[in-house]
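Structure first, then comments.
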Amino acid sequence: MLKFLLILILVFLVIRMFGRILFSSYVYTNQQSHHESQPRHKEGSVTLEKKAPSDKRISKDEGEYVDYEEVK
């Protein structure tokens, strides 16, 4: 039983070690590709990106929604 637990712990540690190595290389390559895809701007410069105007959900003839309030 002790031998089984020691082997299980050893396998867990080896898998964890390889997982960290593989994950860190994946994160490094992902950061490099993300860093290259972003345009570089001078530090302190401000960039404004405007959104396209969205279509209204209701037509103009429907009016404005007024919350109903009961009066007693």
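The values are calculated or read from the model by the stated rules, or taken from the named source; none is laboratory data. Remember, it's a predicted structure, so these values are computed and weren't measured experimentally. A quick note on method: Cβ atoms are made from the backbone with ideal geometry, for glycine too, and the neighbour counts reach across all protein chains shown.
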Seminar exercise, completed: With the first residue restricted to the stretch 41-52 and required to be modelled with pLDDT of 75 or more and assigned to a loop (DSSP other than H, G, I, E, B), and the second required to be of a type in the set (V, I, T) and exposed (fewer than 10 other Cβ atoms within 10 Å of the Cβ), Cβ contacts under 8 Å at 6 or more apart or on different chains are none
Exercise. What is the one condition in (1) surrounded by 10 or more Cβ atoms within 10 Å (Cβ to Cβ); (2) at pLDDT below 80 that S37 does not satisfy?
Worked result: (1)
